[in-house]
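Single-structure report; data block below.
The values are calculated or read from the model by the stated rules, or taken from the named source; none is laboratory data. This is a predicted model, so every value here is computed, not measured. Cβ coordinates were reconstructed from backbone atoms using ideal geometry, including for glycine residues, and neighbour counts include every protein chain displayed. To get the accessible areas, we keep the full protein, side chains included, count just its heavy atoms, and leave off ligands, DNA and RNA. Shrake-Rupley method; radii C 1.70, N 1.55, O 1.52, S 1.80 Å.
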Amino acid sequence: MKSSASVALKYGVFTALILIIYFLALKVVGLHNNPWFRIFNGPIMAYAIYVAIKNYKIASGDEFDYGSGFKTGLSTGFIATVLFAGFMCIYMFYLDTAFTNNLLRNWFSDFDYGSGILVFIIIIEGLASTVVLTLTCMQLFKNSRNILQNK
């Protein structure tokens, strides 16, 4: 049987790679400065969490419970978020500092925030969406206590 941690690690790393590829594809076509394209990070994360929980449920069989599925979904999202935020740190601070300055100028024109606020926003968005998406996905995978459905 696969452990929750191994499933979460596998899908978390895969999700981070997909998010990085998506960001770099936007850069190639010149759309990486438009913050509205971040909205597609949600469906990518949702699908990854769904597949991770589904595969863990299949692997664990009758031993699957709400807590272990929830832990798998949260871990998957947290791993993906931390890896993607790490990539964005390297990208913003070392590879393309003009990108950071452009976003800061567009978002916070009245304030003098450092570049760290962008990393903070990425982490908060990722972690918040992970919790919401995991709760949503677990509604599909939880064992029903409805007597009619358990027959």
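Worth a mention:
- Surface share of carbon and sulfur [accessible, 1.4 angstrom probe, percent] for the stretch 35-93: 71 percent
- Per-residue SASA entry for THR100, accessible area with 1.4 Å probe, Å² rounded to 10: 0 Å²
- Counting Lys and Arg as +1 and Asp and Glu as -1 over every other residue whose Cβ lies under 15 Å from the Cβ of LYS71, the net charge comes to +3.
- With both labels modelled 7 Å from their Cα along Cα-to-Cβ, the LYS2 to ILE44 distance reads 2.1 nm.
- With both labels modelled 7 Å from their Cα along Cα-to-Cβ, the LEU127 to VAL13 distance reads 2.4 nm.
- Estimated at the nearest 10 Å², the accessible area of ILE21 is 110 Å² with a 1.4 Å probe.
- Within straight-line reach of LYS2, meaning a Cα separation under 24 Å, sit the following lysines at least 8 residues removed in sequence or on another chain: LYS10, LYS54, LYS57, LYS71, LYS142.
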